[in-house]
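For reference, the structure discussed in these notes is given below.
The values are calculated or read from the model by the stated rules, or taken from the named source; none is laboratory data. Computed from a predicted model, the values in this text were never measured in an experiment. Here Cβ is always computed from backbone atoms with ideal geometry, including for glycine, and neighbour counts include all displayed protein chains. These accessible areas exclude ligands, DNA and RNA; they are computed on the full protein's heavy atoms, side chains included. Shrake-Rupley method; radii C 1.70, N 1.55, O 1.52, S 1.80 Å.
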Amino acid sequence: MTGHWQMVPLGDVLTPAGEPHRVETERTYLNIGLYSFARGCFGKPPIDGNLTSAPTLYRVRSGQFIYSRLFAFEGAYAVVPDEFDGAFVSNEFPCFDVREDRALPRYLRWMFSLPTVWATLADGSKGMGDRRKRVHPDQILAFRAAMPPLDVQRRIVELLDAVEARIIRRQREAEAMDFELSALLASAFHRITQGAPRQRMAAVAPLVRRMTAIDLDSAYPELGVRSFGKGTFHKPPLAGADVGSKRLFVVHSGDLVFSNVFAWEGAVAVAEANDHGRFGSHRFITRVPDPSRATGRFLCFWFLTPEGLQKLGEASPGGAGRNRTLGLDALDRIEVPIPSLDAQEWFNALQRKVRAARELQESATAELNAIFPTILDKAFKGEL
């Protein structure tokens with residue numbers, strides 16, 4: 001328990017620091033920023049002394065405690081790492097020397113990873129709205145924190161550092177595996193499509209519209225399609241009385257679904273079993289593959305390749321965003337590679353195995369991420 005831990009104002013362990021430097025027009029200055037949610041420092045483009053309007057910048061040193069006045073409410077606190085020793089910041093980033101006979105810098109770093117700490121400090125700040133609330137350095141120095149003996153701090157830091165290292169290692173392993181799986185799919189897809197005949201989408205997967213009559217007393221659960229090949233998602237039900245002049249069409253499991261405003265950035269998916277019977281507006285194009293020629297998952301994969309996205313872009317004229325609309329006739333004219341059905345089914349089976357492997361890896365990573373806040377909380381309650 002923390003009963004024997006001293007509760008002290010951070011002014012006992014922190015000393016305001018920051019070396020003011022008059023900006024010289026002929027110099028550039030290494031610049032850093034802070035991630036929110038206590039995720040550390042990051043390098044920003046150097047500050048050009050000839051272009052900045054700030055008359056003064058402040059040099060920071062490795063091991064100093066630093067925070068963002070403006071984004072303290074969402075955890076923009078950090079300890080300056082070695083690689084940013086000597087970098088410069090504006091006066092929006094107060095920094096402090098740590099009295100290491102009283103506190104370990106990384107102990108403070110982990111303490112300020114607790115959302116309860118951000119909230120306590122933000123509650124005492126002034127401003128209009130969350131993003132106007134600046135935390136003043138005096139609030140940091142007045143904040144009373146549990147400060148155990150250095151050997152206890154060291155044990156807490158070692159534990160949390162070890163868990164963090166494990167999470168980072170797991171994430172890197174997941175990224176490496178994802179890269180390998182993507183390369184495997186790309187190689188297999190190239191192998192079965194090389195030299196395959198091409199046919200127009202009009203013949204391979206014609207447009208199918210299942211328009212529904214609107215009942216004012218009914219509700220219509222809608223379907224959405226995420227960009228970048230990230231699948232479908234469910235929208236809240238739309239009341240019949242709120243449909244107005246909007247036309248709704250029923251989506252069936254297995255449909256190849258395109259968002260006509262975002263197809264050019266990969267808003268293409270195959271409707272899953274739990275999507276069956278949901279509704280989409282006229283902005284969602286549903287295509288049903290001819291089962292004697294192609295499968296939806298094979299076609300979806302092709303449309304998310306660089307070539308497929310290029311073809312969707314060419315079929316979606318106009319400017320950026322909602323001004324780029326996928327034309328029905330243009331989609332009809334796109335020619336897609338059509339290997340044998342056996343080859344397509346083999347590739348689909350490979351896609352299922354890859355998806356299962358990714359889900360397993362994501363589940364393991366998510367589980368580790370999910371337990372970390374509990375470990376962090378228990379560490380600062382003295383329960384570990």
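With a 1.4 Å probe and all protein chains left in place, how much of the accessible area of segment 155-312 comes from carbon and sulfur atoms, in whole percent?
Details: 4390 of 8080 Å².
Carbon plus sulfur share of accessible area: 54 percent.
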Val23 - accessible surface, heavy atoms, 1.4 Å probe, Å² rounded to 10: 30
Net +/- balance of residues flanking Leu34 in space, Cβ distance below 12 Å, scoring K and R +1, D and E -1: +2
Label assignment, P(r) over Cα pairs in 10 Å bins from 0, in percent derived from the structure, set (i) 4, 17, 19, 17, 18, 16, 7, 1; (ii) 5, 24, 34, 25, 10, 2, 0; (iii) 4, 19, 28, 25, 15, 7, 2, 0: (i)
Solvent-accessible area of Glu74 with every protein chain in place, 1.4 Å probe, in Å² to the nearest 10: 30
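Need one word for segment 28-155: rounded, prolate or oblate. Basis is the Cα gyration tensor (sqrt eigenvalues a ≥ b ≥ c); a/c below 1.5 gives rounded, then a/b vs b/c decides. Don't skip to the end; give the middle numbers.
Numbers: a/c = 2.13, a/b = 1.28, b/c = 1.66.
Oblate.
Given axes a ≥ b ≥ c from the Cα gyration tensor, I'd like to know whether segment 265-305 is rounded (a/c under 1.5), prolate (a/b larger than b/c) or oblate. Don't skip to the end; give the middle numbers.
Working: a/c = 1.78, a/b = 1.25, b/c = 1.42.
It comes out oblate by the Cα gyration axes.
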In sequence order, calculated HN-Hα J values of segment 361-378 (Karplus, 6.51, -1.76, 1.60; Hz; x Gly/Pro): 5, 5, 5, 5, 5, 5, 5, 5, 4, 5, 7, 4, x, 5, 4, 4, 4, 5
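Would you check segment 221-364 for Lys pairs whose C-alpha atoms are within less than 28 Å, ignoring same-chain pairs closer than 8 in sequence, and give me the count? Can you show the working numbers first?
Details: Lys230/Lys246; Lys230/Lys311; Lys230/Lys353; Lys235/Lys246; Lys311/Lys353.
Pairs that pass both the separation and distance tests number 5.
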Under Karplus coefficients 6.51, -1.76 and 1.60, residue-wise ³J(HN,Hα) of segment 197-211 in Hz, glycine/proline x: x, 10, 9, 6, 4, 4, 8, 7, 9, x, 5, 10, 10, 10, 5
Solvent accessible area, Å² - Glu19, 1.4 Å probe, full protein context: 70
Residue-wise HN-Hα coupling along segment 134-143, computed from phi with Karplus coefficients 6.51, -1.76, 1.60 (Hz; x: Gly, Pro): 9, 8, 7, x, 4, 5, 4, 5, 7, 5
Euclidean distance of C-alpha centroids, segment 359-384 and segment 193-251, integer Å: 39
Probe 1.4 Å, protein heavy atoms only - accessible area per residue of the chain in square angstrom: 52
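Please identify the trypsin sites (Lys or Arg not before Pro) of segment 53-104 that satisfy two criteria: DSSP loop assignment and at most 11 other Cβ atoms within 10 Å. Which are they? Kindly include the intermediate steps, with their values, before the conclusion.
Details: sites: Arg59, Arg61, Arg69, Arg99, Arg102; in loops: Arg61, Arg69, Arg99, Arg102.
Filter output for segment 53-104: Arg99.
Report, to the nearest whole %, how much of the accessible area of segment 58-152 belongs to carbon and sulfur atoms, 1.4 Å probe, protein only.
Numbers: 2150 of 4240 Å².
Carbon plus sulfur share of accessible area: 51 percent.
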Segment 59-127 shape via C-alpha gyration tensor axes, a/c threshold 1.5: oblate
Value at 222 nm in deg cm²/dmol, rounded to 500, when DSSP H runs of n ≥ 4 in the chain each add -39,500 (n - 2.57): -11500 deg cm²/dmol
